[in-house]
Amino acid sequence: MRNIKVLLVDDDESFLTIVTKTIESWGYDTIPVSSGREAINVVKKGDAGIIILDYKMPDMDGLATLKEIRKINSEIPVIMFSAIAGETIEGESELDVCFFIPKHSTVTNVVESLRTAIRIAENKLDK
């Protein structure tokens, strides 16, 4: 496994902590932040290899954040989380979201979906 830093962006502090610990237990370095603006600053520095981004956030939502990120880096793999299962995100395909995961779902195992999404993102980086 390459040393890929995963940027985690979520305004829910407890969810951010759980996801950070989970991803670190898989051997990845993480950069947890709680806002879109912080995420944009991390991307500007070139520190992130994969982004996991919450869709619903106050101030600057995930879609607005991703639009700004794409101006800086059009290639970085992005995995998007949403608290609303089955929600569709207008514009997500144009912004190249490689995986979409509902945070809470009775039909989706979030941890396994996240692990799969990170593997897909890694494969995208290898191309």
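The values are calculated or read from the model by the stated rules, or taken from the named source; none is laboratory data. A quick note: this is a predicted structure, and the numbers were derived from the prediction, not measured. Cβ coordinates were reconstructed from backbone atoms using ideal geometry, including for glycine residues, and neighbour counts include every protein chain displayed.
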Q.
Can you find a residue that is part of a strand (DSSP E or B), within 21 Å of residue 49 (Cα to Cα) and at pLDDT 70 or above anywhere in segment 106-115?
A. no
Q | Qualifying positions in segment 32-49 - touching an Asp or Glu at 6+ places or on another chain (Cβ under 7 Å) and either surrounded by fewer than 18 Cβ atoms within 10 Å (Cβ to Cβ) or of a type in the set (Asp, Glu) (or both) | A | 34, 35
